[in-house]
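Colleague: Sending over a structure as structure tokens; questions will come in a sec.
The values are calculated or read from the model by the stated rules, or taken from the named source; none is laboratory data. Treat the numbers as computed from the prediction; the structure is a model and nothing was measured. Heads up, the Cβs are rebuilt from the backbone with ideal geometry, glycines too, and the neighbour counts pull from every protein chain shown.
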Amino acid sequence: MARERVGRLQPIEVDAHVDEDADGDTAWFLIVVLADPPTGAQTWPIDDIVEYQKRARDKALELSVPWPWHLRFRPQTDAPQEEDTEEEV
């Protein structure tokens, strides 16, 4: 999935790791870094995101990756979070 183009989505990087999720369960986390959304858009085309999610699910099932797994999308130039921009006094 790291090299697979889906619609207008082309992954730049994919990070896959196992960690504990919010429920305390061992889970797979897949972080997909994509080129920034098109100019003027706040996110990527929803149809492409849904299709990527379906393909990732199908691949996880094909490879017998145990549930749960969490798929997240992140833009290439991720803007700093509010707490990152505050200066300490």
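Colleague: Output the residues belonging to the stretch 28-69 that are within 13 Å of the chain's Cα centre (by Cα) and of a type in the set (A, V, I, L, M).
Modeller: Once the filter is applied, which keeps residues that are within 13 Å of the chain's Cα centre (by Cα) and of a type in the set (A, V, I, L, M), the stretch 28-69 yields 30, 31, 32, 33, 34, 35, 49, 50, 56.
Colleague: Now a separate question. Within the stretch 1-57, take every residue that is part of a strand (DSSP E or B) and in contact with an Asp or Glu (Cβ under 7 Å, 6 or more places away or on another chain) and give me the one that is surrounded by the fewest Cβ atoms within 10 Å (Cβ to Cβ).
Modeller: Looking only at the stretch 1-57, we keep the residues that are part of a strand (DSSP E or B), and these are 6, 9, 11-20, 26-34.
Remaining after also requiring in contact with an Asp or Glu (Cβ under 7 Å, 6 or more places away or on another chain): 6, 9, 26-27, 29, 31, 33.
Values: 6: 21, 9: 17, 26: 10, 27: 17, 29: 16, 31: 14, 33: 17.
The selected residue is 26.
Colleague: Which of the residues belonging to the stretch 58-73 are surrounded by fewer than 13 Cβ atoms within 10 Å (Cβ to Cβ) and either hydrophobic (A, V, I, L, M, F, W, C) or not in a helix (DSSP H, G or I) (or both)?
Modeller: 61, 63, 64, 66, 67, 68, 70, 72
Colleague: With the checklist (1) at pLDDT 70 or above; (2) not in a helix (DSSP H, G or I) in hand, flag the one item residue 88 doesn't pass.
Modeller: Here residue 88 clears every test but (1).
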